[in-house]
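S.K.: First the structure, which I've put down as structure tokens, then a few questions once you've had a look.
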Amino acid sequence: MRLFFRALLGVLLLLPTVSATYRDEAYQNDWHIALIGASIPSSTFFHRPALDAKASLIYTLTSRSILAAINPRDGSIIWRHLLQCGASSGVARKAEGVVIAAVDRDVKAFDAMDGKLIWETAFVEKIKDLQATGGNAAIVLFENGSVAKVSGGKTIWESPAADGKDIPQSLSIQGNNVFSLYQQPSSGLRIATIPTETGILSSSSISAYIQPSDKIYGSGPVVAWTENSLSQIKFLVIGAKSSAISVAAPGGVVDIKFQASGKTILVHYETEDKSWAEVYGVDQVNGAVNSLYSLDAKAARSAFSVTESGSETYITWTLPNGESFLYGSKSADVLDSYAPDSVNSGDVSVLNAISEIIPKMEKKYAVRTFITTSSPGFHGNTYLIRNGKPIWSRPESLVSATAAAWVELLDPAAEKVAEELDVEGHKDVVGAYVHRLTRHAHELITYGPGWLTSIPGRVMDAFLNNEIKDERGGKWRDFFGFRKYAVFATKEGGLVALDVGRRGAIVWELSLVSSEDAGQWEGVQQIYEVSKGTAGIITFGGEYWEVDAFEGKVLTKGVNGGGRVKSSAILERGGKSKVIMAVLEGDKIALLPPGSSLGEPTYIVVRGDAGHLNGLRVDNITLATVKTWDFAPQPTEKIHSIINRPAYDPIASIGRVLGDRSVMYKYINMNLITIITTDPSHSSASIYILESVSGVILYSAIHAGADTTKPITAAMSENWLVYSYFGTEEANGKPAAKGYHLVVSELFESRSPNSRGSLAAAQTYSALAGEIGRPHVLSHSYIFPAEISSIGVTTTKQGITTREVLAMMPWSSSIIALPKRLLDPRRPVDRDPNEAEREEGLMKYAPALEIDPRSVINHKRELLGITDIVTTPAQLESTSIIFAYGGDLFGTRVTPSMPFDVLGKGFSKIQLVGTILALGVGVGFVSPMVRRKQINQRWLALILIFSKKTKSDILAVFSGKLGISKKIYLSLVFC
């Protein structure tokens, strides 16, 4: 027996005994595309993060006020910081081991290596320009014209503007002096000279004739500007006692750009179809600017970069087709040229370029160029070109995603069978049976051998927990339905499809706008899946597109013919039929695709004049509209937002079973909408829940002391509403809870369990007659520790799984999943839950919600700029798929009720089989002993029945104490 247990223990010790989630398992189902936006040319540069660093990094400040350090090797982001939300301009400069950036009124210095904040300071005035000086100090030019020196976050000195009417332009540092450039109201220029040590200002004026279309540039030792609408160029050497040098600009020029480095300044000319440059040298001693050479015209929409390397200055010219040329600063001879492996034939413009050049032996050069491009629909994509070959790219244009829709992929088994069933449907019974029998035989012959040969491999992969790769791609979904396409539009008119099941891979890109129409582009109003594999896109300008969502091909394109689009909705018309209803200006109705029709009258809600909300009845024949109700907020209020239930929001149960087995019936109405209004004059926000067909207000709440300047977000699902706002410390003259409030309201048919409310006895009822019943509303408010900028709700296939509220928190750059049970408005207040409530899962109400780090679905990933969160169900009821966009792109899968319908990756099949085998061996070893014991017990029972001996005597016989054997004793008994 001991031998058996020792053997069993040895087998168990060989099996895994601990189950845990490791760090590398946290990022298996989620993916993240970190984006920063389009780079600002003057704030993008190569820079060594430390004096002893062997390589440079790319530092850039973008139009979304994100300062980032990019690895030139692979394009990965080393660190980034969102300096301010909503700002679109700023300036960044490099210093020794530091990067200093200014956005709006703030100046911050970051360690160039790891991005840690070194110092920061805030000013009252907005910042126009900034230059770095020695010792990690900075000189700041403000929009009111004053100049200040900052070091270590402290202001050393501040110099007021010479004239408050001057318009500040730029800063330049030469030696121990700071030169600030201003445009005067009389179209002249003013240059102010300020010693960096004292901050005492002296200025001089320059006569100039600058028009609104002219350019002013100041950098290094020279100031350059254009006059008379780009017809003349003037140069002035700063600090020299000389007059401005005038150069006539070529005719037909539509744009002039200046770039300078050291003593070289380049003038870039652009016409409609070509571009070229003039290169000038700066003579600071004599105050002269001399023409060095000119570059012959090449393709338009190209970019130059002027770079110093050692004692030499180099010029790189990058063309839209990918070609690039390297020049020196002395002559127009090409030092080197680079041709791409494949020529870009698209309508691409190179917005800006920066280069790093390292001379090598035999007149060879290592040239790395970081460029930002723009094409119709896609603005701000970045590339690194090394000696003419693209090394990597970043899809920064996707940062401006504005509207998104899910596209279901096809089930390969269902699609193949559907065609065959359609054939069988047109035959008689015998023919259909023969066709099906033939099809099954053909499938057995075709797929049977391959399936049989794959069994050993699949079994081995299953036992070794190897990832089973689904070879089906393209438009075919995987078995669990994790692969879906998220189709979204960019602000500039691009259309993109991402495969959320394959870590956000870009499937295709499509431009909805041409370069000629880019100026008139008004944006995408909404995207819908109008049929299987077809996406319908409607724009604010009235255009309608149908696109093959699997291939990215345009199927149809048209115009609704009625003007701009105010709003739209998709209507289900039974089966596979879907119709898009677009509301145009003047409340006109257009149905899309063209030629569609309404089967019955429809009721919609639109924004009316004077800030009202109107309910309209749309006739199914004439499409004429009739106003059915009007919602008018208070005179000091304005409508902030309108929220409705998701288009796909399945409800598994119409009631909620309580702990005592009674039922609270949910108030379910697909026509419910929530209206949020704000009143800045009284610092209040109001919530209204309306029945959208009749316009009846079912519930309202007023939150006094609400800060209307901060985000107010909300979401609806089933029979409940959740919303967030910021409350001030005072409401109606009384102390209030200051902070972010998260409020949940749930609607029931009656306040009493097992009651269906006022309409319980009604066989039929009509919302048009006001027969909708009044819900009983329960609400709870919680103090939430952070701002919420967007709210979403998980969705599953049948609605059985518990829902979770998804909240985007900009403060921590993360998305948190809050179980609906945690926000339940039925949580008991000021008492512990009773037995029935505990059985129901309720807990005592606590006014403050704490963030559980385990509920952060993006783990340690930093999400910036997220504006919207959309969800869709997978084929597994336990799983909901999430896609967040608007800044970064993020996708993941969540299981609010745990993955109850699929085995996890931690499930060990080897351990299961080993346990079964060990138990089998144990059973085989113990079985004879058990059988022997059972036989002895039966003999013992017979002896007790037939023997007159006492029980102690019998036990003595069996223990051998009487000196006779058991067989002799038993034979004597039976005799």
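S.K.: Is it the case that LEU768 is assigned to a strand (DSSP E or B) and at pLDDT below 95?
M.R.: When the stated conditions are applied, LEU768 does not pass them.
S.K.: Residues being of a type in the set (Val, Ile, Thr) and farther than 23 Å from MET670 by Cα: count how many of those fall in the range 582-628.
M.R.: Total satisfying the criteria: 2.
S.K.: OK, next. Kindly state which strands (runs of 3 or more DSSP E) lie completely within the range 370-415 and contain at least 1 residues that are among the charged types (D, E, K, R) and either over 30 Å from HIS47 (Cα atoms) or out of contact with any helix residue (DSSP H, G or I) (no Cβ under 8 Å at 6 or more places or on another chain) (or both).
M.R.: By residue number, 378-386, 389-394.
S.K.: Another question about this same structure. In the range 783-796, which residues are part of a strand (DSSP E or B) and buried (at least 19 other Cβ atoms within 10 Å of the Cβ)?
M.R.: The answer is PHE784, SER790, ILE791, GLY792, VAL793.
S.K.: May I ask you to list the residues in the range 31-48 that are part of a strand (DSSP E or B) and either within 10 Å of the chain's Cα centre (by Cα) or acidic (Asp, Glu) (or both)?
M.R.: If the condition is that a residue be part of a strand (DSSP E or B) and either within 10 Å of the chain's Cα centre (by Cα) or acidic (Asp, Glu) (or both), then HIS32, ILE33 are the ones that fit.
S.K.: Go through the range 736-750 and give me each residue that's more than 32 Å from the chain's Cα centre (by Cα) and acidic (Asp, Glu). Lay out the reasoning, then the answer.
M.R.: Just the residues of the range 736-750 that are more than 32 Å from the chain's Cα centre (by Cα), to begin with: 736, 748-750.
Of everything in the range 736-750, just one residue is more than 32 Å from the chain's Cα centre (by Cα) and acidic (Asp, Glu), namely GLU749.
S.K.: Still on this structure, please answer the following. Restricting to the range 520-553, name every residue that is surrounded by 14 or more Cβ atoms within 10 Å (Cβ to Cβ), under 13 Å from ALA497 (Cβ atoms) and not small (Gly, Ala, Ser).
M.R.: ILE527, GLU529, THR534, ILE537, VAL547, ASP548, PHE550, GLU551
S.K.: Just for the range 197-226: of the residues that are surrounded by fewer than 18 Cβ atoms within 10 Å (Cβ to Cβ) and β-branched (Val, Ile, Thr), which one is farthest from PHE142 (Cα to Cα)?
M.R.: Across the range 197-226, the extreme among qualifying residues is ILE206.
S.K.: Going through the range 514-537 one residue at a time, which ones are over 22 Å from the mean Cα position of the chain (by Cα) and either modelled with pLDDT of 95 or more or among the hydrophobic types (A, V, I, L, M, F, W, C) (or both)?
M.R.: ALA518, TRP521, VAL530 - these are the residues of the range 514-537 that are over 22 Å from the mean Cα position of the chain (by Cα) and either modelled with pLDDT of 95 or more or among the hydrophobic types (A, V, I, L, M, F, W, C) (or both).
S.K.: Is it the case that the range 829-839 has a residue that's β-branched (Val, Ile, Thr) and out of contact with any helix residue (DSSP H, G or I) (no Cβ under 8 Å at 6 or more places or on another chain)?
M.R.: Looking through the range 829-839, at least one residue is β-branched (Val, Ile, Thr) and out of contact with any helix residue (DSSP H, G or I) (no Cβ under 8 Å at 6 or more places or on another chain).
S.K.: Further question: Tell me which of these ILE506 doesn't satisfy, since it passes every other one: (1) within 13 Å of LYS484 (Cα to Cα); (2) without any contact (Cβ under 8 Å) to a residue 60 or more places away in the chain.
M.R.: (2)
S.K.: When the residues of the range 9-41 are filtered to those that are out of contact with any Asp or Glu (no Cβ under 9 Å at 6 or more places or on another chain) and of a type in the set (S, T, N, Q), which remaining residue is modelled with the highest pLDDT?
M.R.: Here is the first cut: in the range 9-41, the ones out of contact with any Asp or Glu (no Cβ under 9 Å at 6 or more places or on another chain) are 9-31, 40-41.
Checking which are of a type in the set (S, T, N, Q) leaves us with 17, 19, 21, 28-29.
Details: THR17: 38, SER19: 37, THR21: 41, GLN28: 77, ASN29: 83.
It comes out as ASN29.
S.K.: Testing GLY448 on (1) touching a strand residue (DSSP E or B) at 6+ places or on another chain (Cβ under 8 Å); (2) over 21 Å from VAL559 (Cα atoms); (3) not hydroxyl-bearing (Ser, Thr, Tyr), one condition comes back false. Which one is that?
M.R.: (1)
S.K.: Right, another one. TYR544 fails exactly one of the following numbered conditions: (1) modelled with pLDDT of 90 or more; (2) closer than 30 Å to HIS32 by Cα. What is the number of that condition?
M.R.: (2)
S.K.: Still on this model: Show me the strands (runs of 3 or more DSSP E) found entirely inside the range 797-915 where at least 1 residues are more than 30 Å from ASN381 (Cβ to Cβ) and out of contact with any Phe, Trp or Tyr (no Cβ under 8 Å at 6 or more places or on another chain).
M.R.: 804-809, 814-819, 880-885, 889-894
S.K.: With the requirement that a residue be among the charged types (D, E, K, R), free of Cβ contacts under 8 Å to residues at least 24 places away in the same chain and over 23 Å from ALA404 (Cβ atoms), what does the range 566-600 give you?
M.R.: GLU585, GLU600
S.K.: Can you name the condition, by its number, that SER172 falls short on among (1) within 16 Å of ALA224 (Cα to Cα); (2) polar (S, T, N, Q); (3) surrounded by fewer than 21 Cβ atoms within 10 Å (Cβ to Cβ); (4) touching a residue at least 24 places away in the same chain (Cβ under 8 Å)?
M.R.: (3) is the only condition that SER172 fails.
S.K.: Condition first: within 26 Å of TRP406 (Cβ to Cβ) and aliphatic (A, V, I, L, M). Now tell me which residues in the range 643-702 satisfy that.
M.R.: Selection gives ILE643, ALA647, ILE651, ALA652, ILE668, MET670, LEU672, ILE673, ILE676.
S.K.: For the range 914-924, state whether one or more residues are touching a His at 6+ places or on another chain (Cβ under 7 Å) and modelled with pLDDT of 70 or more.
M.R.: no
S.K.: Looking at (1) surrounded by 17 or more Cβ atoms within 10 Å (Cβ to Cβ); (2) under 32 Å from the mean Cα position of the chain (by Cα); (3) part of a loop (DSSP other than H, G, I, E, B), find the lone condition where ALA647 falls short.
M.R.: Of the numbered conditions (1) surrounded by 17 or more Cβ atoms within 10 Å (Cβ to Cβ); (2) under 32 Å from the mean Cα position of the chain (by Cα); (3) part of a loop (DSSP other than H, G, I, E, B), the odd one out for ALA647 is (1).
S.K.: With the condition kept exactly as written, say whether any residue in the range 397-405 is within 30 Å of ILE36 (Cβ to Cβ), among the hydroxyl-bearing types (Ser, Thr, Tyr), crowded, with 17+ Cβ neighbours inside 10 Å and touching a Phe, Trp or Tyr at 6+ places or on another chain (Cβ under 7 Å).
M.R.: yes
S.K.: Related question: With respect to SER180, determine if the residue is out of contact with any helix residue (DSSP H, G or I) (no Cβ under 6 Å at 6 or more places or on another chain), surrounded by fewer than 17 Cβ atoms within 10 Å (Cβ to Cβ) and either of a type outside the set (A, V, I, L, M) or part of a strand (DSSP E or B) (or both).
M.R.: Working: out of contact with any helix residue (DSSP H, G or I) (no Cβ under 6 Å at 6 or more places or on another chain): yes; surrounded by fewer than 17 Cβ atoms within 10 Å (Cβ to Cβ): no; either of a type outside the set (A, V, I, L, M) or part of a strand (DSSP E or B) (or both): yes.
Criteria not met by SER180.
The values are calculated or read from the model by the stated rules, or taken from the named source; none is laboratory data. Owing to the predicted nature of the structure, the values given are computational and were not obtained by experimental measurement. All Cβ positions, glycine included, derive from the backbone under ideal geometry; neighbour counts span all protein chains shown.
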